[in-house]
Amino acid sequence: MSPDASPPTLAGPVLIIGCGLVGTSVGLALARVGAAVHLRDAQPEHARTAQMLGAGTTEPPESVSLVVVAVPPDFVAEVVAGALAEWPTAVVTDVASVKLPPLEALASAGTEGLERYVGSHPMAGSERSGPTAASETLFEGRAWAVTPHAAVADTALHQVRELARAVGATLVEMPPDEHDLAVARVSHLPQVMSVLTASRLHGGPADHLALAGQGLRDVTRIAASDPVLWRQILHANRLPLVELLRGVRDDLDELLDGIERGQVIEDVLGRGVAGTRLIPGKHGEESTPALTSVFVQVPDQPGELGRLFRDAGESGVNIEDLRIDHDLGRPVGVAEIAVRSERAEELTSALTERGWTTYL
Ligand SMILES: NC(=O)c1ccc[n+]([C@@H]2O[C@H](COP(=O)([O-])OP(=O)(O)OC[C@H]3O[C@@H](n4cnc5c(N)ncnc54)[C@H](O)[C@@H]3O)[C@@H](O)[C@H]2O)c1
Ligand SMILES: O=C(O)C(=O)C[C@]1(C(=O)O)C=C[C@@H](O)C=C1
C-alpha cells in the first residue's frame, strides 16, 4: 500500500482507557497534533501521571469519537464491550499484541456495535511498563497493524487508519488471524528466545558477567519486560507460537548434534544470516541489503571524526550504520562504518588514499 501523504484527519475527542506505556504514548503523540485526549485507567494514579506528562486530561469527556483501549490482553474484550456500550456512536479500537482472541470473545458474546470496533496493534514498545516509560515519538516510522473483520463499517476503519497516521506510524492492514501468525514469528518468538538467553545468566560466577558486552545486551533487552503482560500475550497466541517453538527445537537438536560431534555447522549459522536480511530495511526496502563493516582508526583528537565523515562523504559511498569504540589503553578510537557490501572496497581505498588506517 502506498503511503497517504495528505495530513491525517483524526476526529476527536479521543478517550484512552489504560494509561500505561502504550496508552500514554498514544496520548502524547495525539496531544502533539492537537487532538483532544481524555484519560482513564483502573489505577487512577496512572491516568493522573499521564495527564502530568501532557498526554491529555483526566476530566471525563462529554462526547467521544474514538476510544483507544490500551489495557493488557486478558481485559481487552471486556473493556472494548464496555466502551461500545458507553459511547454508542464512537469508534473503538484496541492496541493489544494479539488480535483474534479479543475479536472472537466479543463476537461469541453477541456484543452489540461490533461494526464500530476494529482492532489494531502498534509494532513499537519497550521492556518498560507504565506511564513514565511513555514517549511521544514511540510510533514514529513504526508499523501499526489495523486488522479489519467482516462486519466492520468503513467509517470505523477510516478513523483507526487516521489514528495510526496521526501518531506518525506506517499503516499495515491484515486480517486478525494473519496478524497473530505474523507476530508469533516477529515478536513473540524473539521474546521467548531473549528470555531463554537471559535465564542462562543465573548460576555462573559473578565475575563472568563483567565481560558482558553489546551482543548480550542486544539479545536480552526485551527479556526485562513485564512477565504478567507477556504471560497473557504468549498464552493468547499459543497455537502459532508452539508451532514455531517446535521448529526451534529441531534446529537446536541439529546444532547440538553438530557442535557435539565437531561437525560443520555453517548451514545453521548461514540460515541466521539469511534471516536477518529478510527484516525490512531502514528505508522501507523489502529486505535489508548485505552490509560490510569497514573499520577505521581514529586518533583521539578534536576534529578527527569530522574529517573522517567529510572524507567518507567525498568517497560517495553511503554510510548505512556507524559505531565508535575506544581502543582500550591507546589514544585512538575505532569507527566501524557499515556500507553496502559491494561498495566496501571503494570506501576502503578512498579512505586509505586520504591517509586513514583502515581494515575490513
Ligand atoms: N509493551 C509493549 O511493548 C507493547 C507494544 C504494543 C502493544 N502492547 C499492548 O498494549 C497493551 C498495553 O500494554 P502496556 O505495555 O501499555 O502495559 P502497561 O502495563 O504499561 O499499561 C497497562 C495499563 O492498563 C491499565 N489497566 C489494566 N486493566 C485495566 C482495566 N480493566 N481498565 C482500565 N485500565 C486498565 C493498567 O493500570 C495500566 O496502567 C497490551 O494489550 C499490550 O499487549 C504492548
Ligand atoms: O520492546 C520493544 O522494542 C518492542 O518493540 C516490543 C514489541 C515487539 O516485539 O516489537 C513487543 C510487543 C508488542 O506487541 C509490540 C512491540
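Read the figures in this text as sums done on the coordinates, not as results from a lab. Small disclaimer: the values here were computed from a predicted structure and weren't measured. When we count neighbours, we look across all protein chains shown, and the Cβ atoms used for this are built from the backbone with ideal geometry, even at glycine.
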Item checked: Sorted by Cβ neighbour density within 10 Å, fewest at the top, the residues 332, 14, 339 -> 332, 339, 14
Margin query: Helix 238-261 against the longest principal axis of the chain: what's the angle in degrees, Cα atoms only, rounded to the nearest 10?
Written below: 20
Next item on the list: Please report, to one decimal in angstroms, the Kirkwood hydrodynamic radius of the chain built from all distinct Cα-Cα pairs.
Entry: 23.4
Item checked: Rounded Å value of the spacing that divides the Cα centres of region 126-193 and region 212-258 -> 21
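Taking Rh as the Kirkwood radius computed over C-alpha pairs, what is the Stokes-Einstein D of region 225-360 at 37 °C in a medium of viscosity 0.692 mPa s, expressed in µm² per second?
Working: Rh = 18.7 Å.
Once the numbers are plugged in, D ends up at 176 µm²/s.
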Item checked: Förster-model FRET efficiency, 35 Å R0, residue 78 and residue 260, C-beta, rounded to 0.05 -> 0.10
Check: Can you tell me the Rg and Dmax of region 97-173, counting just the alpha carbons, in angstroms?
Finding: 13.8, 37
Check: What ranking do 321, 226 get, fewest neighbouring Cβ atoms within 10 angstrom at the top?
Finding: 321, 226
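Using 0.36 nm per residue of separation minus the Cα-Cα distance, give me the extension gain between residue 250 and residue 210 in nm, one decimal. Each step should come with its number before you reach the end.
Details: separation 40, 0.36 × 40 = 14.40 nm, distance 3.27 nm.
Contour length minus Cα-Cα distance gives 11.1 nm.
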Check: In degrees from 0 to 90, rounded to the nearest 10, what is the angle of the helix 154-166 Cα long axis to the longest principal axis of the chain?
Finding: 40
Next item on the list: Per DSSP H run of n ≥ 4, the term is -39500 (n - 2.57); total these for the chain, divide by its residue number, and report the mean residue ellipticity at 222 nm rounded to 500 deg cm²/dmol.
Entry: -13000 deg cm²/dmol
Note to self: Of 28, 159, 82, which is farthest towards the positive pole of region 14-174's charge dipole, taken about the Cα centre with +1 and -1 on the beta-carbons of Lys, Arg and Asp, Glu respectively?
What the structure shows: 28
Notebook entry, point to check: Nearest 0.05, what FRET efficiency do residue 305 and residue 127 give at R0 = 25 Å with Cβ-Cβ as r?
Noted result: 0.20
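Determine the percent antiparallel among the DSSP beta bridges restricted to the chain, to the nearest 5. Display every interim value, and only then the final one.
Working: 21 of 39 bridges.
Around 55 percent of the beta bridges assigned by DSSP in the chain are antiparallel ones.
When 9, 93, 220, 132 are ordered from fewest to most other Cβ atoms inside 10 Å of their Cβ, what list results? Each step should come with its number before you reach the end.
On the way: 9 10, 93 26, 220 20, 132 14.
Going from least to most buried by this count: 9, 132, 220, 93.
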Check: For labels at residue 276 and residue 36 in the simple 7 Å Cα→Cβ model, what's the distance in nm?
Finding: 5.0
Next item on the list: With the convex hull built on the Cα atoms of region 291-359, state its orientation-averaged projected area in nm².
Entry: 4.1
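To the nearest 20 debye, what is the magnitude of the charge dipole of the chain about its Cα centre, counting +1 on the Cβ of each Lys and Arg and -1 on the Cβ of each Asp and Glu? Don't jump to the answer; show the numbers that get you there.
Details: 28 positive and 48 negative charges, 108 e Å.
Roughly 520 debye for the chain.
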Notebook entry, point to check: Mind checking the angle between helix 189-199 and the chain's longest principal axis? C-alpha axes, 0 to 90 degrees, to the nearest 10.
Noted result: 60
Margin query: Between region 323-360 and region 7-85, what is the separation of their alpha carbon centroids in Å?
Written below: 48
Checklist line | Dimensions (Å) - region 14-174, Cα atoms, principal axes, largest first | finding: 38, 31, 28
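Please give the contour-minus-distance gain from residue 243 to residue 336: 0.36 nm per residue of separation, less the Cα-Cα distance, rounded to one decimal in nm. Don't skip to the end; give the middle numbers.
On the way: separation 93, 0.36 × 93 = 33.48 nm, distance 3.83 nm.
Stretched fully, the residue 243-residue 336 segment lengthens by 29.7 nm.
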